[in-house]
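Structure, as structure tokens:
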């Protein structure tokens, strides 16, 4: 019970911080009635990045999602950490990025349930040089 209370406190702090930053999120409270996973919201911060930027992602899904993978284009996906049922987060440090990689990229977050069903959400990231 104590671990659950600590997890909920951490989740409340994250929600408060994002709300303070002017971002809105929607938390999952029940499993979807159609039996399929859902990605309800995706937050990427900052959305304007360059070389060596730390980028954080927060994803809210239906409660049946057990794994969330994040990918950009054809790069190998990374996985986010589940911090509470239906809530996943991760922070990544970008490497040096050459000038020709500037532009806008779509970051795809894909949630999977235990049966292998998936749902995706996206966010845009602007890479500057």
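Derivation of every value follows stated rules applied to the coordinates shown; laboratory data play no part. The shown structure was predicted, so the numbers you read here are calculated from the model rather than taken from an experiment.
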Taking a ≥ b ≥ c as the square roots of the eigenvalues of the Cα gyration tensor, with a/c under 1.5 meaning rounded and otherwise prolate when a/b exceeds b/c and oblate if not, the stretch 35-129 is prolate
In nanometres, the difference between 0.36 nm per residue of separation and the alpha-carbon distance of residue 94 and residue 48 is 15.3 nm
Once residue 124 and residue 106 are pulled to full extension, the length gained, defined as 0.36 nm per residue separation minus their Cα-Cα distance, is 6.0 nm
